[in-house]
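The structure appears below as structure tokens.
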Amino acid sequence: MPAGLIQIRHLYKQYETAAGPVPVLHDIALDIDPGEFVAIMGPSGSGKSTFMNILGCLDIPTSGQYLLRGKDVGTLDHDALASLRNQVIGFVFQGFNLLPRANLETNVALPLLYARVGRSERLERARHYLQQMGLGKYCKSLPSQISGGQQQRVAIARALAGNPSLILADEPTGNLDTQTSREIMDIFTRLNTEEGITIVLVTHEPDIAHYARRLVRFVDGRVVHDGSVEIAHEGAMA
Amino acid sequence: MIGVMLGEAWHAMGANRMRTFLTMLGMMIGVGAVIAMLAIGQGVKDSVNDSIASMGSNLFIVVSGSTTSGGMRMGGGAAPTITVGDAQAIAELPSVRASAPVIGGTAQIVHGSSNWSTSVSGVTPDYLEVAAWQISRGAWIADSDLRAATRVAVIGKTVADNLFGDEDPIGQTIRIKQSPFVVIGLLEAKGQALDGRDQDDIILVPLRTAQRQLFAQQFQNAVRNIMVQAVSASAMPQAEKEMNELLRQRHRLREGADDDFTVRNMTAMAKMAAQTAQLMSMLLGAIASISLIVGGVGIMNIMLVSVTERTREIGIRMAIGARRRDILAQFLLEAVSISVAGCIIGVLLGIGAALLVGQLMQTQVVITLSSILLGFAVATAVGVFFGFYPAHQASKLRPIEALRYQ
């Protein structure tokens, strides 16, 4: 059996509040292999965002195991988590999350800065990925000078700059119109099929989920469906 | 990495110029005040030290004391009670190296069409060394001049400048109270005394010449004062005691009677003046450095605001791999940049202020490299010290919470 990219066993997550602990994720078990394209759906409050944060090493589970490339994330310190986020994972957010004062190539080169890559190589790689996203002529522009769809492509270029094996996209098309959403999803599909990058995507739009090849549905902190994307619509209607 | 972070710090500072400027203002004023105060303090200290060096070492001045005449007490020096004889007797004391009696007053000096009013002193050859004078050109008063009461004069630089201009004064004849004197020597310039008097505005003539031809005395052999040099600094208390005893005995003062003379320890007075100057300089610096602390608090305040405003940015940076120390370094560098930038402007302001004060108050100001380096060191330290807490707060943010921050 090939080593999975992600192996999750008996994962629990609860938040401590003034009113006592609030369970958010309940006994999650999930494996994701390299090269998969997974869509995660579920109503708000179902725990899918918390799950994504744990997948992205931005948060750690209360109990249970999360192995990323065989490494138990729960045992790692802040620096090791930062380095996993830097080297293994690329993030794409709903709100793009670009640095507003930095130009596009600086934004894209940022993960490489924290990976201690030299200046000239950093900028060269940043320009390469911007070009790949069709934004080669905007290298010196500021995020505010380009459209939302373009900003999301910059965010994808930034996610790619660290040469990740996993891209986590949290509602990446949530702020975009249908046509632009389709373009962005085509990019994800291409990265998945041509570059073999594993993609995990949270969405509440069935149309977007259909780009994936596997659907995981969360309800009340549990996985209620794991398999075909064909039922995406039924779930949305339920 | 440092280069990029400096660039980012520069960008962040430029993003809100007014705020950055106001934050820097605290440092500018603080560093400027420290530099200016140190420069002024150093100037005072230097001029005091120059005066002390020009005064002669291990020095006493004996002057006539107060006397009572017809029930009326006269001020010190009003009645001439000390004499050339006293001076000669003091010179014999074991703890005294030399003593020099001085008589004199003010006189109008004429040379050709120029005239000048100055202080004329009758002195003995020992005076040169006791009063720490140097002859810059020509000769000093010789023993033979003293004995023969010749009409020769040694003049100070101010007198030479006023009477002769660019001319060479040596060998020229001047008239002091109508009597002709030949200028035989020129004194090396000393500059200002501790009390601000111009020490170079002086003419020295042989003691006996002054007694006989310039300042005819009511009392024979009375002198204005006696300058006394002790053999060493450690012998000064002993010398003072011996002089007091000797003079009381010579003046036949009964047990319990007041001294009719005063012995002033000039060296102790000078030391005190130097200490006062030093203390004042330190005090000014200390007061000025309080504004540096206030400036530092301003930096801390604005950095805390900045961290809060940029919480989301910190979250983004952490999400894509910034470690805690990367965030810490970034904000710390920003605080230090503001501080050092303020310091650079502050140094220039401080130098300007010091020069201006020097001009307006006609005092010496000395801007030392060490005070500028001190300014930079303190500014950096203030930046690190007051920048650390906000930077630490930033680095401790949890990435998910920072990312969620609106």
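The values are calculated or read from the model by the stated rules, or taken from the named source; none is laboratory data. Remember, it's a predicted structure, so these values are computed and weren't measured experimentally. Because the Cβ atoms are built from the backbone with ideal geometry, glycine has one as well, and the counts that use them run over all protein chains shown.
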(request) For residue A:83, work out the one condition from (1) more than 27 Å from residue B:14 (Cβ to Cβ); (2) within 9 Å of another protein chain (Cβ to nearest Cβ); (3) in contact with a helix residue (DSSP H, G or I) (Cβ under 8 Å, 6 or more places away or on another chain); (4) not β-branched (Val, Ile, Thr) it doesn't fulfil. (result) (3)
(request) Report, by residue number, each residue of the stretch A:86-112 that is of a type in the set (Gly, Ala, Ser), surrounded by fewer than 24 Cβ atoms within 10 Å (Cβ to Cβ) and either more than 8 Å from chain B (Cβ to nearest Cβ) or at positive phi (or both). (result) A:95
(request) Could you look through the stretch A:61-85, keep only residues that are in contact with a Lys or Arg (Cβ under 6 Å, 6 or more places away or on another chain) and surrounded by 20 or more Cβ atoms within 10 Å (Cβ to Cβ), and pick out the one that is nearest to residue A:109 (Cα to Cα)? (result) A:82
(request) For the stretch B:306-328, state whether one or more residues are under 41 Å from the mean Cα position of the chain (by Cα) and in a helix (DSSP H, G or I). (result) no
(request) Could you list, in sequence order, all residues of the stretch A:53-80 that are more than 10 Å from every other protein chain (Cβ to nearest Cβ) and touching a residue at least 60 places away in the same chain (Cβ under 8 Å)? (result) A:55, A:66, A:67, A:68, A:69, A:70
(request) Keeping to the stretch A:6-46, report how many residues are within 20 Å of the chain's Cα centre (by Cα) and at pLDDT below 90. (result) 2
(message) I'm trying to understand the selection: among the residues of the stretch B:254-285, which are under 12 Å from the mean Cα position of the chain (by Cα), among the small types (Gly, Ala, Ser) and farther than 27 Å from residue B:242 by Cβ?
(response) B:277, B:281
(message) Take residue B:345 and tell me if it is among the β-branched types (Val, Ile, Thr), surrounded by 19 or more Cβ atoms within 10 Å (Cβ to Cβ) and more than 14 Å from chain A (Cβ to nearest Cβ).
(response) no
(message) So residue A:10 passes all but one of these: (1) facing another protein chain (nearest Cβ under 10 Å); (2) farther than 16 Å from residue A:199 by Cβ. Which condition number does it fail?
(response) (1)
(request) Could you identify the single residue in B:302, B:293 that is in contact with a Ser or Thr (Cβ under 8 Å, 6 or more places away or on another chain) and surrounded by 13 or more Cβ atoms within 10 Å (Cβ to Cβ)? (result) B:302
(message) Residues that are within 14 Å of chain A (Cβ to nearest Cβ), more than 26 Å from residue B:353 (Cβ to Cβ) and in contact (Cβ under 8 Å) with a residue 60 or more places away in the chain: does the stretch B:289-305 have at least one?
(response) no
(request) Tell me which residues, restricted to the stretch A:1-52, are in a loop (DSSP other than H, G, I, E, B) and surrounded by 14 or more Cβ atoms within 10 Å (Cβ to Cβ). (result) A:4, A:5, A:33, A:34, A:35, A:36, A:42, A:43, A:46, A:47
(request) With respect to residue B:264, determine if the residue is in contact with a strand residue (DSSP E or B) (Cβ under 8 Å, 6 or more places away or on another chain) and either assigned to a helix (DSSP H, G or I) or not hydrophobic (A, V, I, L, M, F, W, C) (or both). (result) yes
(request) Return the residue satisfying two criteria in turn: it lies in the stretch A:113-123 and is over 13 Å from residue A:163 (Cβ atoms) and not aliphatic (A, V, I, L, M), and of such residues it is nearest to the other protein chains (Cβ to nearest Cβ). (result) A:114
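Among residues belonging to the stretch A:162-196 that are of a type in the set (Gly, Ala, Ser) and touching a helix residue (DSSP H, G or I) at 6+ places or on another chain (Cβ under 8 Å), point out the one that is farthest from the other protein chains (Cβ to nearest Cβ).
Filtering the stretch A:162-196 for residues that are of a type in the set (Gly, Ala, Ser) and touching a helix residue (DSSP H, G or I) at 6+ places or on another chain (Cβ under 8 Å), the one farthest from the other protein chains (Cβ to nearest Cβ) comes out as A:181.
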(message) Taking the condition of being under 26 Å from residue A:144 (Cα atoms) and either under 16 Å from the mean Cα position of the chain (by Cα) or not in a loop (DSSP other than H, G, I, E, B) (or both), how many residues in the stretch A:86-119 meet it?
(response) 23
(request) Determine which single condition residue A:169 fails, assuming it passes every other condition in (1) in contact with a Leu (Cβ under 7 Å, 6 or more places away or on another chain); (2) closer than 13 Å to residue A:208 by Cα; (3) in a helix (DSSP H, G or I). (result) (3)
(message) Looking at the stretch B:226-240, can you tell me whether even one residue there is over 30 Å from residue B:53 (Cβ atoms) and touching a Lys or Arg at 6+ places or on another chain (Cβ under 9 Å)?
(response) no
